[in-house]
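A short write-up of the structure that comes next.
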Amino acid sequence: MYENIIEIRHVHKRFKHVQALVDVSLAVRRGEVLFIFGPSGGGKSTLLRCINRLETVDEGEITVDGIPVTDPHADIDALRAEVGMVFQLFNLFPHLTALQNITLAQEKVRKRSREEAAEIALRLLNRVGLPEKADAYPRQLSGGQKQRVAIARALAMNPKIMLFDEPTSALDPEMIKEVLDVMLDLAREGMTMVVVSHEMGFARAAADRMVFLDAGQVVEVGTPEEIFSSPKEKRTKEFLAHVLY
């Protein structure tokens, strides 16, 4: 067992003329909720995508639960089976029902029977407050409901880690709470989570540590109390002054 379930060491990532990540080093402890915030274009989503190798790094190393993500020979299917990711825009299959969206990967990747996968899917739909939506298609769901189905789909794979990439930014304000409530429950249950978001209320309620990322660099790391009450860096203070009005 690794105390640090994610280790990021001196990671650099460039897209053509843009340096997206600059010498980023972070560790995430097992059971920790790490909240990453900062301005748009600061590298937050890129960092998340590097953790499960949706993006490759140019320099540096990332290890997830002992799997060397940055090793070209690493078993990435094994990695992604252990890391659930929830995206900004849900990424549900439009031609499948909520139930089918949740069972598909269970059957294909986890090799579960259709009956077992359906039983797990129904249990998770109940957990995220959508037991009556099993047979609904994505077009019949609100944004908040789609995102909760996406969370249930990720949880169905029994991940050790959940990555959230701005999960509420595409939602109407009244739908945000229903998604954050599910995430808060996961945090209380001890799920290791890395959350990229602007929802500072969630950070106050659930985060163990916060990371301020700007221009691809880690500017400051601290507990929510430290970050909100007495940020050390000028750039952190300036950003919080704009978002905490």
So Arg148 fits all but one of (1) under 18 Å from Leu184 (Cβ atoms); (2) open to solvent by 20 Å² or more (accessible area, probe 1.4 Å); (3) out of contact with any Gly (no Cβ under 9 Å at 6 or more places or on another chain); (4) not hydrophobic (A, V, I, L, M, F, W, C); what number is the exception?
(3)
Taking Leu141 as the residue in question, decide whether it is in contact with a Lys or Arg (Cβ under 8 Å, 6 or more places away or on another chain) and open to solvent by less than 10 Å² (accessible area, probe 1.4 Å).
no
With the structure loaded, tell me whether Val86 is among the β-branched types (Val, Ile, Thr), within 27 Å of Val196 (Cα to Cα), at pLDDT below 95 and open to solvent by 30 Å² or more (accessible area, probe 1.4 Å) or whether it fails that test.
no
Residues (of a type in the set (Gly, Ala, Ser), in contact (Cβ under 8 Å) with a residue 24 or more places away in the chain and closer than 25 Å to Thr168 by Cβ) located in the stretch 8-40
Ala20, Gly31, Gly38
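Do any helices (runs of 4 or more DSSP H) lying entirely in the stretch 85-165 carry at least 1 residues that are in contact with a strand residue (DSSP E or B) (Cβ under 7 Å, 6 or more places away or on another chain), closer than 30 Å to Thr63 by Cα and of a type in the set (Val, Ile, Thr), and which ones are they?
The qualifying helices (runs of 4 or more DSSP H) are 143-155.
Listed here are the residues, each with its yes/no results for (1) loosely packed, with under 15 Cβ neighbours inside 10 Å; (2) over 16 Å from the mean Cα position of the chain (by Cα).
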{"site": "Val24", "(1), (2)": "no, yes"}
{"site": "Pro39", "(1), (2)": "no, yes"}
{"site": "Asn52", "(1), (2)": "no, no"}
{"site": "Val57", "(1), (2)": "no, yes"}
{"site": "Asp75", "(1), (2)": "yes, yes"}
{"site": "Leu79", "(1), (2)": "no, no"}
First in the stretch 220-245 and closer than 16 Å to Asp208 by Cα and among the acidic types (Asp, Glu), second anywhere and open to solvent by 40 Å² or more (accessible area, probe 1.4 Å) and in a loop (DSSP other than H, G, I, E, B), Cβ under 7 Å, 6 or more apart:
Glu220/Lys232; Glu220/Glu233
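Residues checked against (1) under 19 Å from the mean Cα position of the chain (by Cα); (2) in contact (Cβ under 8 Å) with a residue 12 or more places away in the chain; (3) closer than 15 Å to Val179 by Cα:
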position: Thr103; (1), (2), (3): no, yes, no
position: Arg110; (1), (2), (3): no, yes, no
position: Ala134; (1), (2), (3): no, yes, no
position: Pro138; (1), (2), (3): no, yes, no
position: Ala150; (1), (2), (3): yes, yes, yes
position: Ile161; (1), (2), (3): yes, yes, no
Exactly one of (1) part of a helix (DSSP H, G or I); (2) on the phi > 0 side of the Ramachandran plot is unmet by Asp77. Its number?
(2)
Taking Asn101, is it within 30 Å of Pro68 (Cα to Cα) and open to solvent by less than 40 Å² (accessible area, probe 1.4 Å)?
yes
Test for Arg209: is it of a type in the set (Lys, Arg), in contact with a helix residue (DSSP H, G or I) (Cβ under 7 Å, 6 or more places away or on another chain) and either without any contact (Cβ under 8 Å) to a residue 40 or more places away in the chain or open to solvent by 10 Å² or more (accessible area, probe 1.4 Å) (or both):
no
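The values are calculated or read from the model by the stated rules, or taken from the named source; none is laboratory data. A quick note: this is a predicted structure, and the numbers were derived from the prediction, not measured. FYI the Cβ positions are ideal-geometry reconstructions off the backbone, even for glycines, and counts take in every protein chain you see. Note: accessible area is taken over every heavy atom of the protein model, side chains too, but ligands, DNA and RNA are not part of it. Shrake-Rupley method; radii C 1.70, N 1.55, O 1.52, S 1.80 Å.
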